[in-house]
Amino acid sequence: MIKICFNYTQPLVNKGKDKIYFTKSTDLRLISLVLVLCIFLTHHLSAQLAQDFNQSSLSSIWSGDRANFKINTANQLQLGASTSGASTLYTRYKVPADSIQIDLYFKLQFAPSTDNQGTIYLFSDSPTSGAETGYYLRVGENGNLDAIQIYKVDKGVSKLLASGRMAAMGADPADARLRIKIYRNGLWVGSVDYDGNNNYEEDFEFMIPSFSLPDSSFIVLNAKYTATRADKFFYDDISIQSIVKDVIAPTMTNVEVIDAKTLSVSYDERLNPNFALDAKNYSVDNNVGNPSGVAFKSGSNSTMILTFGIVLNSGTTYNLISNNIRDLSGNAKANTLPFSFAILPSRGDLLISEVLTDPYSGGDDFVELYNNSSKTIKLNGLLIKNGQKTDVKTLSTGYILAPNQYVAISRNTDFLKTTYNTPLNAQFITATLPSLNVSEANITIQVLENGSYVTLDSFDYNQSLHYSLIDATKGVSLERIDFTVDANSSDNWHSAPEAVKFATPGYKNANARTNNPNLSNGFTPNTKTITPNGDGSFDFLLLDYLLDKPGFLATIRVFDTEGFEVNALVNNSLLGSAGSFKWEGVDKEGNILKTGMYIFFIQLLHPDGDLREEKHVVVVANNF
């Protein structure tokens, strides 16, 4: 800061670079001139540089080829020259006295070369090139191995100090968000996100033992370009400030299971290796304990690889606990993250549970899957195909499905959520399915195992499987009733009811069967009363059976109380040891029967001569 001191006894002398003294007789015009000069210098020399270019026009602190630069609609500084050449923009700032943090974003919307390259002087004693002294970054050279390069320049003579990742700047566009920290001892640490976001990875590090800077310096943006690249340079979020003391401890951000004995553990900042490599600072619950080996992931200083002597179990949710993991400033805190060991499904683990092939206008088909196992299943690479059309789609997803959970797959999952008012725990994957006809389709899910495709489940969808009382299937899904029964049993599917807006994507099916507590040897209805009105409550009856041997032929007929046959469910149907038949309270023509009692008459005949008969009474009622 410039101080102005009025002293009536001292002569007009400069008693130092930051004080100016005046006598009583000093001309007021001189005082005014000095005040104007002070204001000008204060305006053009800020203590710390911070430019996000969110204003509508270029700030007056910048000098140079201002006419060749503009603030674009994305609030970025953009080169806007009319022809080939070189343009410079610069400003002077006060260099922080303590450790320094430099942040900036730049983008060259082309693959750089020696004819089209960018140079950014972070520190320079002059805004013009030729005899300057300072430090700069350069992006652009011939070939495809371009990297961010850091140079020291001494009276115009440059020396390369370090380079970032090779070829990181060789593509189109060449963009990066850069953070450089310069410590008192001369250590430079550069971290970069080459996607232009804020997920920094350390990229270079070097030491300048005798590093020092003047009180003030220029930052200079240089762009060299051909005519076709005259508007392809972009800059944003430029900041040069003192490093704020780090008091925030590292946070565990992700736990990835590499295999049954190996974890990859990521933190949000660089770790102190003396603590990060100590196995006692990590543990996993459920009797897994401390790792037997700890190492940094290759090329990283914030991700650890933990190896255990105990095999992880798929289907168990574990917690990784870390203590005393410190950053370079010595900060530490306890961290805990849950994880599970996900594996590829085997046959019977993953089942088709719900299908919609006739969506409302604006929506898309969906197929719902159910994890029928105690394993945690990864779905990446799963094949879903329509066998009728040989149309196959492969899931590319990091989604993991927990035991006994559902997930709906559709190209338009937002439509499903809003149309069917799904609960918060409903699960979705946004992906393209094979094309499915409204009338019929073969839906098959497969996984690649040891070089061969294994079919996990297959369902021959047919529109006729819908509830017989539904006039139109648009927007109505078909739900699987029982996961212990084969998908292609026609009695194992039913239309989702109106009570759930005709579909339950991503969560438990409305028609999912519950265990029949009265089931015994022979046939047992799962309910004594049905109300077939489409409201989702007892719309159909399941006639469950449990037999002491397979091979019976069953004939099941339905009579009213006057002895007239109203329906025949099956005729000489071959049975296994257990299963069920579905009845929707309708007659032979598909009409709802009137309210009253009805009798199931069941005849069983076995090839060994065993003949059995059963009768069961049920009620068709009205719940209005």
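The values are calculated or read from the model by the stated rules, or taken from the named source; none is laboratory data. These numbers were taken from a predicted model, which means no experiment stands behind them. Backbone-built Cβ (ideal geometry, glycine too); neighbour counts: all protein chains shown.
I'd like to check something: does the stretch 416-433 contain any residue that is farther than 18 Å from SER495 by Cα, surrounded by 18 or more Cβ atoms within 10 Å (Cβ to Cβ) and either among the hydroxyl-bearing types (Ser, Thr, Tyr) or more than 23 Å from the chain's Cα centre (by Cα) (or both)? Scanning the stretch 416-433 turns up no residue that is farther than 18 Å from SER495 by Cα, surrounded by 18 or more Cβ atoms within 10 Å (Cβ to Cβ) and either among the hydroxyl-bearing types (Ser, Thr, Tyr) or more than 23 Å from the chain's Cα centre (by Cα) (or both).
Among the residues of the stretch 552-580, those identified as surrounded by 15 or more Cβ atoms within 10 Å (Cβ to Cβ) and in a loop (DSSP other than H, G, I, E, B) are PHE552, LEU575. Output yes when any residue across the stretch 416-427 is within 14 Å of LEU351 (Cβ to Cβ), in the same structural domain as PRO359 (by TED's automatic domain parsing) and in contact with a Pro (Cβ under 9 Å, 6 or more places away or on another chain), and no when none is. Looking for residues that are within 14 Å of LEU351 (Cβ to Cβ), in the same structural domain as PRO359 (by TED's automatic domain parsing) and in contact with a Pro (Cβ under 9 Å, 6 or more places away or on another chain), one finds none in the stretch 416-427, hence no.
Of the residues that sit in the stretch 227-250 and are surrounded by fewer than 14 Cβ atoms within 10 Å (Cβ to Cβ) and modelled with pLDDT of 95 or more, which one is nearest to the chain's Cα centre (by Cα)? Checking each candidate, the answer is THR228. If you go through the stretch 593-608 and keep only what is out of contact with any Asp or Glu (no Cβ under 8 Å at 6 or more places or on another chain), modelled with pLDDT of 90 or more and either closer than 20 Å to GLY534 by Cβ or not in a strand (DSSP E or B) (or both), you end up with LYS594, THR595. Per the conditions (1) surrounded by fewer than 15 Cβ atoms within 10 Å (Cβ to Cβ); (2) in contact (Cβ under 8 Å) with a residue 12 or more places away in the chain, the sole criterion not satisfied by ALA487 is (1). Exactly one residue out of GLN109, GLN149 is in contact with a Ser or Thr (Cβ under 7 Å, 6 or more places away or on another chain), within 30 Å of SER300 (Cα to Cα) and not hydrophobic (A, V, I, L, M, F, W, C): that is GLN149. When the residues of the stretch 301-321 are filtered to those that are of a type in the set (Ser, Thr, Tyr) and under 30 Å from ILE182 (Cβ atoms), the one that is surrounded by the fewest Cβ atoms within 10 Å (Cβ to Cβ) is THR303. Look at the stretch 588-609: where a residue is assigned by TED's automatic domain parsing to the domain that holds ASP560 and a partner is of a type in the set (Ser, Thr, Tyr) and assigned to a loop (DSSP other than H, G, I, E, B), sitting 6+ places away or on another chain with Cβ atoms under 6 Å, you get GLY590/SER468; MET597/THR561. For first residues located in the stretch 109-129 and more than 22 Å from MET166 (Cβ to Cβ), partners that are of a type outside the set (Gly, Ala, Ser) and part of a strand (DSSP E or B) and lie 6+ apart or on another chain with Cβ distances below 6 Å form the pairs TYR121/TYR136; TYR121/VAL220; PHE123/TYR135; SER124/PHE218; SER124/VAL220; PRO127/TYR90; PRO127/PHE218; PRO127/VAL220.
Across the stretch 352-374, a minimum of one residue is classified as in contact with a Lys or Arg (Cβ under 6 Å, 6 or more places away or on another chain), closer than 19 Å to GLN446 by Cβ and not β-branched (Val, Ile, Thr).
Taking the stretch 242-342 and the strands (runs of 3 or more DSSP E) fully enclosed by it, the elements with 1 or more residues that are under 30 Å from GLN48 (Cβ atoms) are at 252-259, 262-267.
When the stretch 120-141 is filtered for residues that are within 26 Å of ARG177 (Cβ to Cβ) and of a type in the set (Val, Ile, Thr), the ones remaining, listed by number, are ILE120, VAL139. Across the stretch 322-336, the qualifying residues are those that are of a type in the set (Gly, Ala, Ser) and surrounded by 14 or more Cβ atoms within 10 Å (Cβ to Cβ), and the one among them that is nearest to ILE182 (Cα to Cα) is SER329. None of ILE556, ILE530 is assigned by TED's automatic domain parsing to the domain that holds MET597, within 30 Å of LEU369 (Cβ to Cβ) and either touching a residue at least 40 places away in the same chain (Cβ under 8 Å) or of a type in the set (S, T, N, Q) (or both) except ILE530. If you go through the stretch 507-526 and pick out every residue that is out of contact with any Asp or Glu (no Cβ under 7 Å at 6 or more places or on another chain) and closer than 25 Å to VAL476 by Cα, you end up with 4. In the stretch 394-406, the condition of being assigned by TED's automatic domain parsing to the domain that holds VAL447, buried (at least 21 other Cβ atoms within 10 Å of the Cβ) and more than 16 Å from the chain's Cα centre (by Cα) is met by at least one residue.
Sort out which residues of the stretch 524-538 are under 45 Å from the mean Cα position of the chain (by Cα) and surrounded by 21 or more Cβ atoms within 10 Å (Cβ to Cβ), and write them in order of number. PRO532, the sole residue that qualifies.
Counting the residues of the stretch 297-325 that are over 24 Å from the mean Cα position of the chain (by Cα), closer than 17 Å to ASN254 by Cα and not hydroxyl-bearing (Ser, Thr, Tyr) gives 2. Inspect the stretch 158-169 for any residue being touching a residue at least 12 places away in the same chain (Cβ under 8 Å), of a type in the set (A, V, I, L, M) and surrounded by 18 or more Cβ atoms within 10 Å (Cβ to Cβ) and give the result as yes or no. Yes, the conditions are met somewhere in the stretch 158-169.
The residue that is surrounded by the fewest Cβ atoms within 10 Å (Cβ to Cβ), among those in the stretch 46-95 that are assigned to a loop (DSSP other than H, G, I, E, B) and on the phi > 0 side of the Ramachandran plot, is ASN75.
When the stretch 174-221 is filtered for residues that are surrounded by 15 or more Cβ atoms within 10 Å (Cβ to Cβ) and among the β-branched types (Val, Ile, Thr), the ones remaining, listed by number, are ILE180, ILE182, VAL189, VAL192, ILE219, VAL220. The criterion of at least 2 residues that are charged (D, E, K, R) is met, among strands (runs of 3 or more DSSP E) falling completely within the stretch 374-479, by 391-394, 440-449, 452-462.
Screening ASP103, ASP98 for residues that are farther than 17 Å from SER163 by Cβ, among the acidic types (Asp, Glu) and in a strand (DSSP E or B) leaves exactly one candidate, ASP103.
Summed over the stretch 358-373, residues that are in a loop (DSSP other than H, G, I, E, B), of a type in the set (Ser, Thr, Tyr) and touching a strand residue (DSSP E or B) at 6+ places or on another chain (Cβ under 6 Å) total 0. Can you find, within the stretch 548-579, the residue that is farthest from ILE481 (Cα to Cα) among those that are of a type in the set (Gly, Ala, Ser) and in contact with a Phe, Trp or Tyr (Cβ under 7 Å, 6 or more places away or on another chain)? Among those that are of a type in the set (Gly, Ala, Ser) and in contact with a Phe, Trp or Tyr (Cβ under 7 Å, 6 or more places away or on another chain), it is ALA578.
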